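Colleague: I have a structure here, written as structure tokens, and I will follow up with some questions on it.
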Amino acid sequence: LDISGMPHLGSGISFDWNDHGTTRRVMVSPNLKEGTLTVIDMKGWQTIKRITTHGPGFFVRGHEKSAYFWADAMMSKEKNRIEIFDKRTLEKASEVSVEAGKTLAHVEFDRYGKYVLASLWERKADGGALIVYDATTFKELKRLPMDKPVGKYNLYNKVTRSEGTSH
């Protein structure tokens, strides 16, 4: 595969992408050392696109009922941001963020693709929380205070082989 840096393939996702009338299965992989997401055609294994991000990240997540995928930059100076990309255009659609210096990472969708859960990876005393976002409007809906939340894997999405999570 034509990927530089340090790809984190196990935290990537795959989905069907329509390229000017031709549907292809693609994979999107984050990079632990570079601020890029690599989009790869899964049939011929060619790189289709490199998407520049705020910095090196760990997780990419999407859902088959969502038009978007979310990518953190938790290994970078801009670790407080999660960028949101349109699965149709492979372009940035939006982003969510928390206070500078804090870490916002590891997105997981609920089983219906309606909500996105993100970790505000801080001690509870410093604002650590599980943040619930609307998956369509990207608005923050709720913060559940927690002490350095990190591994909130969605078992339902994994066992049903949801296209927006790693397996």
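Colleague: Looking only at segment 100-109, which residues are at pLDDT below 95 and charged (D, E, K, R)?
Modeller: Residue satisfying the conditions is Glu108 alone.
Colleague: Taking segment 19-35 as the region of interest, how many residues are among the β-branched types (Val, Ile, Thr), open to solvent by 70 Å² or more (accessible area, probe 1.4 Å) and either closer than 27 Å to Lys77 by Cβ or in a loop (DSSP other than H, G, I, E, B) (or both)?
Modeller: Result for segment 19-35: 0.
Colleague: Tally time: how many residues in segment 109-119 are closer than 18 Å to Ser94 by Cβ and buried (at least 21 other Cβ atoms within 10 Å of the Cβ)?
Modeller: Residues that pass the stated criteria total 3.
Colleague: Taking segment 36-53 as the search range and keeping residues that are of a type outside the set (Val, Ile, Thr) and over 13 Å from the mean Cα position of the chain (by Cα), which one is least open to solvent (accessible area, probe 1.4 Å)?
Modeller: Among those that are of a type outside the set (Val, Ile, Thr) and over 13 Å from the mean Cα position of the chain (by Cα), it is Asp41.
Colleague: Which residue is least open to solvent (accessible area, probe 1.4 Å), if the candidates are limited to segment 88-108 and must be assigned to a strand (DSSP E or B) and either of a type in the set (Ser, Thr, Tyr) or under 23 Å from Asp19 (Cβ atoms) (or both)?
Modeller: Taking the candidates together, the pick is Ser94.
Colleague: So which of Phe58, Phe15, Phe69, Phe85 is of a type in the set (A, V, I, L, M, F, W, C) and part of a loop (DSSP other than H, G, I, E, B)?
Modeller: Of Phe58, Phe15, Phe69, Phe85, the one residue that is of a type in the set (A, V, I, L, M, F, W, C) and part of a loop (DSSP other than H, G, I, E, B) is Phe58.
Colleague: Okay, moving on. Could you please give the count of residues in segment 69-93 that are under 13 Å from Ser14 (Cα atoms) and in contact with a Ser or Thr (Cβ under 8 Å, 6 or more places away or on another chain)?
Modeller: Summing the residues that are under 13 Å from Ser14 (Cα atoms) and in contact with a Ser or Thr (Cβ under 8 Å, 6 or more places away or on another chain) in segment 69-93 gives 1.
Colleague: Of the conditions (1) under 13 Å from the mean Cα position of the chain (by Cα); (2) acidic (Asp, Glu); (3) more than 15 Å from Pro30 (Cα to Cα), Glu83 fails just one. Which one is it?
Modeller: The number of the failed condition is (3).
Colleague: As an exercise: evaluate Lys43 against (1) modelled with pLDDT under 95; (2) under 15 Å from Gly12 (Cβ atoms); (3) of a type in the set (Lys, Arg) and give the number of the one condition it does not meet.
Modeller: Here Lys43 clears every test but (2).
Colleague: Just to be sure, is Gly128 within 20 Å of Met75 (Cα to Cα), modelled with pLDDT under 95 and not β-branched (Val, Ile, Thr)?
Modeller: It is false that Gly128 is within 20 Å of Met75 (Cα to Cα), modelled with pLDDT under 95 and not β-branched (Val, Ile, Thr).
Colleague: Given the residues Tyr133, Tyr112, which is the only one that is among the hydroxyl-bearing types (Ser, Thr, Tyr), at pLDDT below 95 and out of contact with any helix residue (DSSP H, G or I) (no Cβ under 9 Å at 6 or more places or on another chain)?
Modeller: Answer to the check: Tyr112.
The values are calculated or read from the model by the stated rules, or taken from the named source; none is laboratory data. Note that the structure is predicted; figures quoted are calculated from it, not measured. Quick reminder, even Gly has a Cβ in these numbers, built from the backbone with ideal geometry, and neighbours come from all protein chains shown. Areas reflect the complete protein model, heavy atoms only, side chains present, ligands, DNA and RNA absent. Shrake-Rupley method; radii C 1.70, N 1.55, O 1.52, S 1.80 Å.
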